[in-house]
């Protein structure tokens, strides 16, 4: 089973079209294994991306270097998944 | 396993087997109202089931609702289960809803992407696409909401098999999509088509692949406005509404663009809770409130469809 320990979901705010394009550049970097939950669209609409642990540093450097604001929407994906699994097993029992 | 749909736990997420068992229970408990149809088999050979709710007649005007086309959007399949129970228990009890089912059929496909859904339970909770193999690529799966024959291949989908929005080699390449296409064409009398996703809290109508407004834009916008007001009235959950391309982003090969192009005027897509605290990992405690508020919006759309025959 795929494990998501340390994966984070970042919410990126692209202020203008140029910044939307920058995020699209990020989307093309396949080695980062990014999973866009909400893809880059128009300026002002939130962009949510799940970032595997090994890519977090690189992604944050990329964003900060370009002045792209972001917040951490989910600190650790695996901990939410663990909660979800626990809740499912608890409800079964 | 629940012994009846009254003891089934709607406030938790379930596996594919548990949902398929639920369908059998519901059909057995309401043989005059509910039947389970198999409209095809998935890429990996799982049956694709649709629940039909009918009080008689022959090929009556119908309403289609599907959930779970993107497998990781678990709150949608869970809401679909809740809708199924609601339909069965409200018929004959709620006058407004009874009027709908006395004149129209409802088709509800709860697990529209069974292979992907099974995979989210077994291997990868974050899986979104189908599980079909693409020759020439090691990447798996096609985005079933980019594979429809409506603006297929245009901007708003990817030609890269490794992308989450990979459109597939050709329109309807995915059997999960083709099964619905064949069913809709065969039936020929579907008047409303509602495809349910999460997350973002949006109610959307065509188009996604082009900026041109649909011919019925004003009416669709009005129906969406009323439906969102009904939804918000329950718990205050804020939804936005509008066309796909203006409200969220350009998306080609989408479900409701195709259904609208087929002449199904009342074509809508929901993006359920939340706006991005949990995203696809919405806690199970929010399943029932999400389903309850969404049901009010569905009722609004169904009533409008009943009262505006075309």
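For segment B:39-63, the tally of residues that are assigned to a strand (DSSP E or B) and farther than 14 Å from residue B:177 by Cα stands at 5.
The set of residues in segment B:253-272 being surrounded by fewer than 24 Cβ atoms within 10 Å (Cβ to Cβ) and within 14 Å of chain A (Cβ to nearest Cβ) consists of B:271 alone. Of the residues making up segment A:57-92, those that are over 16 Å from residue A:19 (Cα atoms), surrounded by fewer than 16 Cβ atoms within 10 Å (Cβ to Cβ) and under 14 Å from the mean Cα position of the chain (by Cα) number 4. Could you list all residues from segment B:149-163 that are closer than 20 Å to residue B:72 by Cα and assigned to a loop (DSSP other than H, G, I, E, B)? B:157, B:161, B:162, B:163, listed by residue number. Being part of a helix (DSSP H, G or I) and under 22 Å from residue B:271 (Cβ atoms): is that true of residue A:23 here? Yes, satisfied. When segment A:6-40 is filtered for residues that are touching a residue at least 40 places away in the same chain (Cβ under 8 Å) and more than 8 Å from every other protein chain (Cβ to nearest Cβ), the ones remaining, listed by number, are A:6, A:7, A:8, A:10, A:12, A:13, A:14, A:15, A:19, A:22, A:23. Selection of segment B:166-183 for residues being part of a loop (DSSP other than H, G, I, E, B) and crowded, with 20+ Cβ neighbours inside 10 Å yields B:167, B:168, B:171, B:174. Against the test of being out of contact with any helix residue (DSSP H, G or I) (no Cβ under 6 Å at 6 or more places or on another chain), within 14 Å of chain A (Cβ to nearest Cβ) and either modelled with pLDDT under 95 or surrounded by fewer than 17 Cβ atoms within 10 Å (Cβ to Cβ) (or both), the options B:243, B:285, B:233 yield a single qualifying residue, B:285. Going by the structure shown, is residue B:191 farther than 28 Å from residue B:275 by Cβ and buried (at least 17 other Cβ atoms within 10 Å of the Cβ)? Considered against the rule, which asks whether it is farther than 28 Å from residue B:275 by Cβ and buried (at least 17 other Cβ atoms within 10 Å of the Cβ), residue B:191 comes out as yes. None of A:54, A:43 is more than 10 Å from every other protein chain (Cβ to nearest Cβ) and either assigned to a helix (DSSP H, G or I) or buried (at least 19 other Cβ atoms within 10 Å of the Cβ) (or both) except A:54.
Considering segment B:11-26, and only residues there that are in contact (Cβ under 8 Å) with a residue 24 or more places away in the chain and surrounded by fewer than 20 Cβ atoms within 10 Å (Cβ to Cβ), the residue that is farthest from the other protein chains (Cβ to nearest Cβ) turns out to be B:20. Going by the structure shown, is residue A:84 away from chain B (no Cβ under 12 Å) and at pLDDT 95 or above? It is false that residue A:84 is away from chain B (no Cβ under 12 Å) and at pLDDT 95 or above. Can you tell me which residue in segment B:102-136 is surrounded by the most Cβ atoms within 10 Å (Cβ to Cβ), limited to those that are outside any helix (DSSP H, G or I) and within 12 Å of chain A (Cβ to nearest Cβ)? The residue in question is B:129.
The values are calculated or read from the model by the stated rules, or taken from the named source; none is laboratory data. Small disclaimer: the values here were computed from a predicted structure and weren't measured. Note that each Cβ is placed from the backbone with ideal geometry, even for glycine, and that neighbours are counted across all protein chains shown.
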